[in-house]
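Nothing in this text is a laboratory measurement; each read-out follows from the coordinates by a stated rule. Computed from a predicted model, the values in this text were never measured in an experiment. Here Cβ is always computed from backbone atoms with ideal geometry, including for glycine, and neighbour counts include all displayed protein chains.
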Amino acid sequence: MKGRLEQAFVHARKRKRAAFIPYITAGDPTASRTVVLARSLERAGADVLELGVPFTDPIADGPTNQRAAERALSQGTTLSSVLAIVRELRFSSTIPVVLFSYFNPVHAYGLARFAVDAAAAGVDGVLFTDVPVDEAEAAREALRRVGIDLVLIVAPTSTRERVKAVRKLAGSFVYFVARIGVTGTRATLEEGLQDQVRMVRKLTRSRVAVGFGVSTPEQVSRISQFADGVVVGSALVQRIGELGDAPELPGEIEALARSFALATKRK
């Protein structure tokens, strides 16, 4: 039987659209609200949920996601509580969940223990922002044993040799960084993005989801014509930061996410 991640991409392709992958930070504004927001995103049309593990030194994140991590950490969010959020979500949802994490929290937790506990909680994939492909074998093996995909990152600066190396370890998809730098909303997309995605798909023989800086429905629509999935994070995280724990938060995020989900249709 195909896993949830695999099924999500197959489901989206059959409906002639790219998979919509929203990102939010676990614990922002609270753990309980994270579960509510996850359900809102699912109702809006999310195919996969990317859940950020807050970390004290998020070097790959721009100001918006850094502030979200700070808010989550101020609520006492830990890796253990992120897994608890996933467990609670599993009572009411089967949406695939990919944890977006730096390696330090997992190293402190213990890689083997983390893999087992993440699988028990219902995690489908893990993306480490700071583990290069040539150092990812141990993480991939620990996760593979419990049926969790390792999601690897490919950047515009990655050499062909490094991209080819991803093929050996890639799971259901690889994450292509749409631009050089940190996360954050951007008004325009990088030139040559379509050609880069095609090259990555050819060399890795894997699906390609594009993220980092994708922040408008128009950008989502453009990327959806050639990518297998589109990740939208900072635009959602920014709105969460603006609304905080306001009663209208779930509805506002659902409406915003729906505008992105609708834009994933292929022409």
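Rounded to 0.05, the FRET efficiency of the Ser32 and Val146 pair, given R0 = 25 Å and the Cβ-Cβ distance, is 0.40.
Using DSSP to call loops (not H, G, I, E or B), can you name the chymotrypsin sites (Phe, Trp or Tyr not before Pro) in segment 1-35 whose Cβ has at most 11 other Cβ atoms within 10 angstrom? Within segment 1-35, no chymotrypsin sites (Phe, Trp or Tyr not before Pro) qualify (loop, at most 11 other Cβ atoms within 10 Å).
Screening the chain for DSSP H helices whose Cα atoms reach 18 Å or more along their own axis and whose mean Kyte hydropathy is at least 0.5 gives 249-262. Tell me the trypsin sites (Lys or Arg not before Pro) within segment 117-181 that lie in a loop according to DSSP and have at most 12 other beta-carbon atoms within 10 Å. Of the trypsin sites (Lys or Arg not before Pro), the ones in loops of segment 117-181 whose Cβ has at most 12 other Cβ atoms within 10 Å are Lys168.
Residues whose amide H comes within less than 5 Å of that of Thr129, counting only those at least five positions distant or on another chain, are Ser101, Tyr102, Phe103 (H built at 1.01 Å from N in the peptide plane). Residues in segment 16-28 carry Karplus couplings, in order, of 6, 8, 7, 5, 8, 10, x, 10, 9, 8, 4, x, 10 Hz; the curve used is 6.51 cos²θ - 1.76 cosθ + 1.60 with θ = phi - 60°, and Gly or Pro positions show x. Between Glu161 and Asp245, the contour length at 0.36 nm per residue exceeds the alpha carbon distance by 25.6 nm.
Charging the Cβ of each Asp and Glu at -1 and of each Lys and Arg at +1, and nothing else, the dipole of segment 4-262 about its Cα centre rounds to 1080 debye. Give the total of Lys-Lys pairs in segment 4-262 with Cα-Cα distances below 23 Å; include a pair only if its members are 8 or more places apart or on different chains. Lysine pairs satisfying the spacing and distance rule in segment 4-262 number 4. For segment 4-262, relative contact order (Cα pairs under 8 Å, six or more residues apart, normalised by length) works out to 24 percent.
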